[in-house]
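Take a look at the structure below.
The values are calculated or read from the model by the stated rules, or taken from the named source; none is laboratory data. Fair warning: this is a prediction, and the values are worked out from it, not measured in the lab. Note: ideal-geometry Cβ built from the backbone for every residue, glycine included; neighbour counts use all protein chains shown. The protein model used for the area step is the full one, side chains on, heavy atoms only, and it has no ligands, DNA or RNA in it. Shrake-Rupley method; radii C 1.70, N 1.55, O 1.52, S 1.80 Å.
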There are 2 protein chains.
Amino acid sequence: MLRWLLICGLISALAGTASAGFLLSLDWVTRTREAHPWLILLLPLGGLLVGLLYHYFGQSVARGNNQLIEEIHRPRDVIPLRMVPLVLLGTLLTHLVGGSAGREGTAVQMGGALADQLTRWLPGPLRLRRRERPLLLIAGISAGFASVFGTPLAGAVFGLEVFLIGRLRYHALLPSLLAAYGADWVTRLWGVGHTHYYVPAVPTLSVAGVAVALLLGLLSGLTARGFVAAVHGWQGWFGRLMRWAPLRPVAGGALLLLLTWLLGLGPVPDVTRYLGLGVPTIVAAFEAPLPWYAFGLKLLLTSLTLGAGFKGGEVTPLFFIGAALGSALAVVLPLPVALLAGMGFVAVFSGAANTPLACTLMGLELFGLPAAPYLALACVVAYLSSGHGGIYGAQVVGEAKHPARRRDTGRRLGEL
Amino acid sequence: MLRWLLICGLISALAGTASAGFLLSLDWVTRTREAHPWLILLLPLGGLLVGLLYHYFGQSVARGNNQLIEEIHRPRDVIPLRMVPLVLLGTLLTHLVGGSAGREGTAVQMGGALADQLTRWLPGPLRLRRRERPLLLIAGISAGFASVFGTPLAGAVFGLEVFLIGRLRYHALLPSLLAAYGADWVTRLWGVGHTHYYVPAVPTLSVAGVAVALLLGLLSGLTARGFVAAVHGWQGWFGRLMRWAPLRPVAGGALLLLLTWLLGLGPVPDVTRYLGLGVPTIVAAFEAPLPWYAFGLKLLLTSLTLGAGFKGGEVTPLFFIGAALGSALAVVLPLPVALLAGMGFVAVFSGAANTPLACTLMGLELFGLPAAPYLALACVVAYLSSGHGGIYGAQVVGEAKHPARRRDTGRRLGEL
């Protein structure tokens, strides 16, 4: 017990500090790109750098989040420490030139890889037994997720939920919880804050409200499915087209640039709002309905960015896609726009990551308790309707979502 | 999907209405007893009635909550409908004469048994397949729990969490959630409200705060262990002493009466506050520190009441015991009394029922989001420190709490 307190303290300090530094530098990078819009002309060059970086130094850590999940299931080798600088640099480069990517992949990989180093470093009495390594990785993932989004409860459950579909194992309950709250606390100690999303009015639950939550959940699940298919589609296409991996993000960057330029010419004059993290646009989604095409456009740009090999993660773009979907539907659905945006925000992510409980908790932490029934219903339905697919191919089906797909049990999503 | 919406609608209406009726009549019964204190002289007579009721009519439903859990694990026979009137009548009799018992057992058994009747009643296209019956039972349990406490999110997770230790299965996620919110909504539609517990100030998390949460969690887990041992102790003692079951609550009632009289003479003049549900005393625990002996006294009276065969359930007394424990510790621990009472309230229950997530969510729903880190830590530590025991003997160890007890996996708590 005392041993784990100390270990979780160390994980908190490492992951929380890493997240704080990452968030500050990401913020600087994003402001730099916004101040110098010509930087997006460097998309192909940025792609080349990211590609070369991972080709020459990052082969052993290129599988990113999936690598962490695989090690939880079958612990073999300690995650190389180089995962930390590589994913950090790759993500900052991606965002500097305007790639449409996220940040949770970076935080989770930094947290997981840093936590895993303790396997080697800890002296005698603290030394970890072999079977405890998965707990360390789970705690590291929780710490990274919690501190990058400022949602510790969701972070704790995310670490427990992400490696297995349809089951939650409690073996790492206390380490995750301690590491998540600890890392979040450390990040705030460094003076780093998080975006506030404001859901001012939540109507009491009614039959119509339940129906809307179920419908938005279903649409979110299908959107998540579409996102996963699009990323895989781009990945496969670039893979077939270019055998030398570093060329893929170059071509992807060029295509992204071309697309941005064409769209900016006419149909979407403010297309640059869809690049990078897009946090201001997410905030706007809570205030007034976004155009109907916003979620699809972000889906296209993000799947292209990530499918080509840029770095950063999927989650913030998924928040964008979901919030834009919910926000656009406020024109036809009888719930306030902020609530719909909030429901989409967590539900699309829930469907894509197969983590309905973490997403519901995240919704509570970001949007407040009164929204709970809407958030929970949307997240659960999105999870059920996104199928046996997702953004993490190393996830294992612990229990099929539908009895008809029982034979998938025990297999990795990537094999299905 | 539509089929399950309809089924959950039916469960909501049945369980929500049953809970509303139960809460109203329980309220009437409690007020009657408070207005006529001589009613506690009838404790032995009330015990005889409860005993005879279950001996002659209730053999098939006497295992109560455990029977529901067993049917989830190994579906055999539909729960007899008579479970509903018997547990209702048994609970009202228990509370009328001042037995120290709860109410969640009643609500959960009514919800589960009513839901299970749908196995028989549903016409052709809605008819349930054999493997769907556990989902129905889980949804019924969630509906009962959610509506009796007014905490739907906790109710939904409680149904999923209660039958298996150390694992959460997602197969009934949507039915539980729908039934929990639906039943809570129906209960409120009937105009039935719930007690408000007020936690006004929550300090931001600090190292001292974490230490207090861990310590209170540990004490709560040990208290839960003591409670379970005490109930089993009384059960064994009455069982050995009296072979004819209906005599046991008579003797138990007489003993309870004697104890109340002796305590009331000198050491605890306000001993009647410890009888029945004790909600006013729970509320008082949030306002000022209770005496140090309060939690132990309630533990003694409740374990005696339930061990002798009275009905109602363990949860509200566990809330009392936990809130009293936390409240009393406010004299020495550096956190506000309301927060400590709230932490104990959910943590002792978490340790005794082995449901840390449901208890954390319940804490959020009752005491608000800012208390989340304290509640989560206390609930998780109480769960980890209560051992492989608990108030529901039919719970199966899905995953051992500690690697050292791995050989318990797959066995029922009652067998260990």
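Structure above, values below:
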item: DSSP loop chymotrypsin sites (Phe, Trp or Tyr not before Pro) with at most 16 other Cβ within 10 Å excluded, longest remaining stretch of chain B; result: B:1-189
item: For the range A:72-108 and the range A:256-333, distance of Cα centres in Å; result: 22 Å
item: Gaussian network model of chain B, Cα within-10 Å springs - most flexible of B:K298, B:K311, B:K401; result: B:K401
item: Å² per residue, accessible surface of the protein assembly as shown at 1.4 Å; result: 36 Å²
item: Anchor A:K311: lysines whose Cα lies under 18 Å away (excluding residues fewer than 8 positions away in-chain); result: A:K298
item: Prolate/oblate/rounded call for the range A:54-143, Cα gyration tensor, a/c under 1.5 rounded; result: prolate
item: A:L164 long-range amide H proximity, modeled H, under 5 Å; result: A:V396
item: With every protein chain in place, the range A:306-416: carbon and sulfur % of accessible area (1.4 Å); result: 58 percent
item: Orientation-averaged projected area, Cα convex hull of the range B:312-380 (nm²); result: 4.2 nm²
item: Chains B and A together, accessible area buried on both sides, 1.4 angstrom probe, square angstrom; result: 3500 Å²
item: Computed over the protein assembly as shown, the ratio Rg/Rh where both radii use C-alpha atoms and Rh is Kirkwood; result: 1.00
item: Computed magnitude of the charge dipole of chain A (debye, nearest 20; Cβ of K, R +1, Cβ of D, E -1); result: 1240 debye
item: Distance in nm between pseudo-label sites at B:R411 and B:L41 (7 Å out along the Cβ direction from Cα); result: 5.0 nm
item: Per-pair calculated FRET efficiency, R0 = 35 Å: A:E287 and A:A229 via Cβ, rounded to 0.05; result: 0.70
item: Residue among B:F319, B:A382, B:A115 farthest towards the positive dipole end of chain B, charges placed on Cβ; result: B:A115
item: Quarter of the Cα convex hull surface for the range B:215-304, i.e. its orientation-mean projected area (nm²); result: 6.6 nm²
item: Anisotropy class of the range B:124-214 from Cα gyration tensor, a/c 1.5 cut; result: oblate
item: Per-q log10 I(q)/I(0), chain A, q = 0.12 Å⁻¹ (Debye; single scatterer per alpha-carbon; no solvent); result: -0.91
item: Kirkwood-type radius of the range B:260-416, with distances r between different C-alpha atoms, in Å; result: 16.3 Å
item: Net charge of Cβ neighbours under 13 Å - reference A:L122; Lys, Arg +1; Asp, Glu -1; result: +3
item: Fraction of alpha-carbon pairs over 18 Å apart in the range A:337-412 - percent; result: 40 percent
item: Within a Gaussian network of chain B (alpha carbon springs, distance under 10 Å), most fluctuating of B:R131, B:R33, B:R167; result: B:R131
item: Convex hull volume per residue for the range A:1-79, taking Cα atoms only, in Å³; result: 119 Å³
item: Anisotropy class of the range B:2-189 from Cα gyration tensor, a/c 1.5 cut; result: prolate
